[in-house]
Amino acid sequence: MKCCVCKEREATVHLTQIAGDKIQKLDLCEECARSKGVNDPTGFSLADLLLGLGASQEMEQAAAATKGGELKCPRCGFTQADYKKAGRLGCPDCYQTFAEGLKSLLKTMHKGPRHIGKAPEQLRRHLDFKRHLAQLQRQLAQAIETEDFEQAAVLRDEIKHLTAKPAPASAPRK
Amino acid sequence: MNIHTFLAPPAETARRTGPHDRIVLSSRVRLARNLRDFSFPGWAKKAERLTVVDLIRPAVEQLPELAGCFSESMDKLSALDKQILVERHLISREHAARGAGSALALNREETLCVMINEEDHLRMQALRPGLQLRHAWEAVDAVDSQLEQKLNYAFSLELGYLTACPTNLGTGIRVSAMLHLPGLVLADQINAIVQSVSKLGLAVRGLYGEGSEALGNIFQVSNQRTLGETEPAIVERLEKVLTQIIEHEDNARTNLLEQRPKILFNQIGRAYGILTNAHIITSKEAINMLSFMRLGADLGMFPATARALTDELFILTQPAHLQRLHTGKLSADERDLVRADMIRERLKTMERPTPPPPPAPSPAAD
Ligand SMILES: [Zn+2]
Ligand SMILES: [Zn+2]
């Protein structure tokens with residue numbers, strides 16, 4: 001059996017790992033096993049490697065389904081073929097370039113498709129501001145609909161006050 | 001600065017204590033971060049990687065948490081230095097393989113370690129002895145919050161922190177603990193535990209050895225998913241599971257003592273016999289035997305000092321640590337000799353294990 005990473009040397013390290021409800025099998029040669037840090041407590045690259053290899057297949061299928069042409073990141077020049085080889089992306093923008101192919105993969109890999117954890121503080125303040133504003137606008141629309149003009153005036157003032165202040169941070173690049 | 005004089009001697013690290021450290025050897029929380037304007041290290045050209053190191057390294061060195069830290073470019077460290085760091089579980093093997101364009105910063109207490117240009121631009125980890133996941137998370141969170149003010153992180157509203165591998169996307173967090181579970185292994189319950197933990201989206205693997213084989217009964221439990229869950233939720237989930245594993249291990253030890261004491265004493269007695277008498281011992285055998293000796297210490301079959309000693313030997317008998325004590329380059333066969341010599345010497349005054357007295361029959365039998 002050939003090593004599933006280099007596809008050259010004979011595989012001598014056979015690994016089975018259960019992640020979630022999936023059983024993953026991996027056959028590596030000594031060299032790739034070592035370089036990928038198999039059983040390395042600080043690296044964890046085995047799981048990453050396994051999932052990364054799965055990702056390249058997903059991306060291929062997605063590309064085939066959409067247009068058939070090979071995708072290439074306009075910023076860093078990274079291609080799907082590169083992903084297949086490395087199991088890693090090229091740059092932060094690659095997430096946009098390969099968004100389609102990654103979508104279903106992220107869904108099976110993770111708990112949810114959206115990040116709900118920590119965010120850089122500047123951005124957090126910006127988000128709170130936007131969320132607050134949206135909430136006021138919703139309330140205003142409702143007040144107008146129920147013809148509660150007194151409440152609508154209060155809300156309008158509040159929105160004016162809020163937007164008069166400069167926003168805490170400009171929206172960062174997504 | 002020299003990494004050998006910087007690192008605490010194994011005798012000292014083996015004496016570090018924490019909650020539940022009979023079973024939980026250490027807790028670790030790692031965050032992965034990348035800079036917005038640069039390619040990930042695996043794809044970036046060397047010049048770009050050097051630029052990234054020049055940006056990140058000063059920011060890291062200025063952190064109060066890293067005052068007086070050991071900070072070095074990976075090409076300035078010898079292969080042996082790097083191997084020592086790997087054996088101490090401070091850097092990954094992947095990072096050890098890197099040279100110019102990658103760097104490392106380690107604080108005085110060896111509780112914070114930052115890898116620059118490993119798989120991601122930044123991989124910062126907080127380490128604590130025993131079960132202290134929350135403390136480790138708070139420590140690494142604080143470091144991250146300071147760094148975000150100086151560095152432009154790659155972050156997306158939808159996907160969170162962008163990482164080189166999609167498996168780390170979102171929070172970029174990896175929460176893990178190293179567990180010593182000889183009771184569950186001897187009681188043949190370890191596979192059931194591994195299976196049920198895996199179903200919870202957590203990974204369990206042996207720390208030493210290959211594949212499903214776990215040397216020294218040491219296992220590592222960590223989260224697999226990083227997106228769609230908050231960091232505190234991940235930490236809490238892992239903590240809950242670990243608390244249960246600790247309970248199972250405790251129960252397994254109690255049951256073995258009560259129902260199959262001979263199996264237990266046999267393993268511990270043989271481990272003692274081999275360690276104190278062998279003249280040739282591989283790293284694999286040493287780890288396995290030391291594990292049972294540690295169990296014996298936990299059960300009171302050795303004097304109280306025995307546990308710190310076994311933990312010290314866990315480190316000292318690793319290949320690079322052995323090599324460090326010798327001037328000439330040791331072959332693997334020679335290492336097995338000097339390893340056996342060292343263990344015999346260190347255990348010279350260690351008394352034979354004495355089985356604990358059988359528990360007195362309690363009047364209120366249950
Ligand atoms: Zn290979
Ligand atoms: Zn790219």
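Does at least one position in the range B:7-28 carry a residue that is in contact with a Gly (Cβ under 7 Å, 6 or more places away or on another chain), closer than 30 Å to residue A:86 by Cβ and at the interface with another protein chain (Cβ under 10 Å from one of its Cβ atoms)? No, the range B:7-28 has no match at all. Where helices (runs of 4 or more DSSP H) sit wholly within the range A:79-130, those with at least 2 residues that are away from ligand 2 (no atom under 14 Å from the Cβ) occupy A:80-86, A:99-109.
Taken over the range A:104-126, the criterion of being modelled with pLDDT under 85 and either surrounded by fewer than 19 Cβ atoms within 10 Å (Cβ to Cβ) or within 8 Å of chain B (Cβ to nearest Cβ) (or both) is satisfied by A:104, A:105, A:107, A:108, A:109, A:122, A:123, A:124, A:125. Give the range B:317-337 a look and list any residue that's among the hydrophobic types (A, V, I, L, M, F, W, C), open to solvent by 20 Å² or more (accessible area, probe 1.4 Å) and under 23 Å from residue B:218 (Cβ atoms), or say none. Within the range B:317-337, B:332 is the sole residue that qualifies.
For the subset of the range A:82-93 comprising residues that are more than 7 Å from chain B (Cβ to nearest Cβ) and open to solvent by less than 50 Å² (accessible area, probe 1.4 Å), which member is farthest from ligand 1 (Cβ to nearest atom)? Once the filter is applied, the top-ranked residue is A:93.
What are the residues in the range B:57-91 that are under 20 Å from residue B:129 (Cβ atoms) and within 14 Å of another protein chain (Cβ to nearest Cβ), if any? Across the range B:57-91, the qualifying residues are B:84, B:85, B:86, B:87, B:88, B:89, B:90, B:91.
In the range B:146-186, the residue that is surrounded by the most Cβ atoms within 10 Å (Cβ to Cβ) out of those that are without any contact (Cβ under 8 Å) to a residue 40 or more places away in the chain and part of a loop (DSSP other than H, G, I, E, B) is B:157.
Filter the range B:12-47 down to residues that are acidic (Asp, Glu) and open to solvent by 50 Å² or more (accessible area, probe 1.4 Å) and give me whichever is farthest from residue A:92 (Cα to Cα). Per the criteria, the residue is B:12. Going through the range A:49-77 one residue at a time, which ones are modelled with pLDDT of 65 or more and closer than 19 Å to residue B:161 by Cβ? A:73, A:75, A:76, listed by residue number. For the range B:171-193: of the residues being touching an Asp or Glu at 6+ places or on another chain (Cβ under 8 Å) and at the interface with another protein chain (Cβ under 8 Å from one of its Cβ atoms), which is nearest to residue B:110 (Cα to Cα)? Per the stated criteria, the residue is B:173.
Of the residues making up the range B:115-132, those that are within 15 Å of the chain's Cα centre (by Cα) and either away from chain A (no Cβ under 13 Å) or over 19 Å from residue B:221 (Cα atoms) (or both) number 5. Every condition in (1) free of Cβ contacts under 8 Å to residues at least 24 places away in the same chain; (2) within 21 Å of residue B:24 (Cβ to Cβ) holds for residue B:349 except the one numbered (2).
Screening residue B:133 on (1) more than 29 Å from residue A:90 (Cβ to Cβ); (2) open to solvent by 20 Å² or more (accessible area, probe 1.4 Å) shows it passes everything except condition (2). Would you call residue B:225 assigned to a helix (DSSP H, G or I) and closer than 30 Å to residue A:106 by Cα? Against the criterion (assigned to a helix (DSSP H, G or I) and closer than 30 Å to residue A:106 by Cα), residue B:225 does not qualify.
The values are calculated or read from the model by the stated rules, or taken from the named source; none is laboratory data. These figures come from a predicted structure and were not determined experimentally. As a convention, Cβ positions derive from the backbone with ideal geometry for all residues, glycine included, and neighbour counts pool all protein chains shown. For accessibility, only protein heavy atoms count, side chains too; no ligands or nucleic acids. Shrake-Rupley method; radii C 1.70, N 1.55, O 1.52, S 1.80 Å.
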